[in-house]
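Student: Let me give you the structure first, and then I'll get to my questions.
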Amino acid sequence: VTSEFGIQNSEILSLPNSEFKIQRFCHFRIPKSEIRIVYFLHVKHFIKYNLIGVMNTLITLASVWIMHQMLDWNLELSNFLGFIFGAINSYLMNRIWNFKSHNKKRTEVIRFIIVFLAAYALNFVTLEASVYVLNTAWCKPFTDFISQFMKPGFFANIVANGVYAIASFTLYKKWVFR
C-alpha cells in the first residue's frame, strides 16, 4: 500500500540528522498526521538549504562585484575569491543550521573541499566559455546591451554561478552531508 505522497507502509521514514523517526513494518495505512509531519520536515529542510544557497550566492556575487566591477581586479581572481567566501559560509551554515551534522569533521571537510573544487572547476569552465561566447561577433548585440548595466564578465559570472549552484547542491546533499 502506498500513501498519497508515494510512501510505502513497509518503508522506514526518517530524516537525516534529526531526532524524528517513524517506523512502520505492518501492512496498514500510515496515519495522515504522520505523513504531514514527515512532509513538513522535508519541506522545512529544503527551504533552509535554499536560503543558505541564496546567502552563498549573494556573498559570492557581492564579492565579485566589489573586486571586479569596483576595484577592477582580474575576473578569474575575483571569481575564485568570491567562491571561497561563499564556500566558507556554505560549510558553516549547512553543518550547523541546516543538516545539524554529527559526521566526523575531518571526513566531512575533505568531502566538502572535493565537492567545492569539482563544482568550482565546472564553474570556471562555464565562466571562460561564457566570456568566449560573449566576445564573439554573433553575440555582439547582446553583449552591447548588457554592457549598459554591467561588464560582460560579470554577466558570465552569473551564468557560471548558476551552474555551480546546481552541481554543488546535488553533491553536498548526496555525499557530504548525507
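No value in this document is a laboratory result; all are computed from the given coordinates. Computed from a prediction, not measured in an experiment: that's the story for all the values here. Every residue, glycine as well, gets a Cβ built from its backbone with ideal geometry; the counts of neighbours run over all protein chains shown.
Student: Could you compute the net charge surrounding Asn74? Neighbours are other residues with a C-beta less than 14 Å from the C-beta of Asn74; K and R count +1, D and E count -1.
Tutor: Once all neighbours under 14 Å are counted, the net charge is -2.
Student: Of the peptides 63-71, 78-86, 123-131, how do they stack up when ordered by the mean number of other Cβ atoms within 10 Å, highest first?
Tutor: Ranking, from highest mean packing down: 78-86, 123-131, 63-71.
Student: Full-extension gain between Ile146 and Arg178, please, as 0.36 nm times their residue separation minus the C-alpha to C-alpha distance.
Tutor: The Ile146-Arg178 span can extend by a further 7.5 nm.
Student: Another question about this same structure. Measure up Lys105/Lys173; Lys44/Lys174; Lys48/Lys140 against 28 Å on the Cα-Cα distance and list the ones that go over.
Tutor: Flagged as over cut-off: Lys48/Lys140.
Student: Then there is this: Compute for the stretch 28-178: radius of gyration divided by Kirkwood radius, i.e. Rg/Rh, restricted to C-alpha atoms, rounded to two decimals.
Tutor: Here the Rg-to-Rh quotient is 1.09.
Student: Each residue of the stretch 123-129 in order: what ³J(HN,Hα) in whole Hz does its phi give by Karplus 6.51 cos²θ - 1.76 cosθ + 1.60, θ = phi - 60°, with x for Gly and Pro?
Tutor: Couplings: 4, 5, 4, 5, 4, 5, 5 Hz.
Student: Also, quick follow-up: Taking θ = phi - 60°, what integer Hz values does the Karplus form 6.51 cos²θ - 1.76 cosθ + 1.60 yield along the stretch 71-81, in sequence order, with x for Gly and Pro?
Tutor: Here the 3J(HN,Hα) series is 8, 6, 6, 4, 4, 5, 5, 4, 4, 4, 5 Hz.
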